[in-house]
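To start, the structure itself, in structure tokens.
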Amino acid sequence: MINLLIVKNILIFILLATVTFGFKAPDAGKMLPNITIADLQGKPVHIQEYAKKTKITVLSFWATWCSPCKRELDAIGELYPEWKEKYDMRLVAITIDNARALTQVKPLIEEKGWEFDVLVDSKQELQQALNFQAIPQTFVVDAEGNILFQHEGYTPGDEYELEKIIQEHTGE
């Protein structure tokens, strides 16, 4: 009876710890996988090399059908010009839309006025390698490819928590 109570309490603790805020540190030593995806013109992009161009790269996985994803990218997009200059960072929105839905991506970017890079993971190879299901899913990666943090979902204000994480890892 006591063992069951202990197990129940441990499971409740784990559930609460996982659900709270959605922010979590990745497993120690987790690296950005060596995966090739594409830019909007179909040109191959090696994601590890791409992340080496700045101190911090924020990878935000999204899709055209995902309303929380678009709200998150709108919110971060407003802050991005300042962050880019202040923290030497880059925001990369990675769509997981399938080949049929990809035709909607460019018009949406133009409509939204997003000024950050957009890459394509239409076969979800990078998504699978990073082992997540739900979007929006946001990763903070350093120039060596170390995954520093990840976040699932979007609630207004999450962009300010993201900025704190970027600040912490850039020393700015």
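The values are calculated or read from the model by the stated rules, or taken from the named source; none is laboratory data. Please read all numbers here as calculations on a predicted model, not as lab measurements. No Cβ is skipped: glycine too gets one built from the backbone with ideal geometry, and neighbour counts run over all protein chains shown. These accessible areas exclude ligands, DNA and RNA; they are computed on the full protein's heavy atoms, side chains included. Shrake-Rupley method; radii C 1.70, N 1.55, O 1.52, S 1.80 Å.
For this structure, a couple of remarks:
- The range 65-172: translational diffusion in µm²/s, Stokes-Einstein, Kirkwood Rh over Cα pairs, 10 °C, 1.306 mPa s: 108
- Lys112 - accessible surface, heavy atoms, 1.4 Å probe, Å² rounded to 10: 70
- Magnitude of the charge dipole, the range 73-132, Cβ model with Lys/Arg +1 and Asp/Glu -1, debye to 20: 220
- Each residue of the range 96-112 is assigned a 3J(HN,Hα), and the resulting list reads 9, 4, 6, 4, 5, 6, 4, 5, 8, 5, 4, x, 5, 4, 5, 4, 7 Hz, derived from the Karplus form 6.51 cos²θ - 1.76 cosθ + 1.60 (θ = phi - 60°), x at Gly and Pro.
- Residue order for Thr103, Thr36 - accessible surface, 1.4 angstrom probe, largest first: Thr103, Thr36
- Computed over the range 25-100, the ratio Rg/Rh where both radii use C-alpha atoms and Rh is Kirkwood: 0.97
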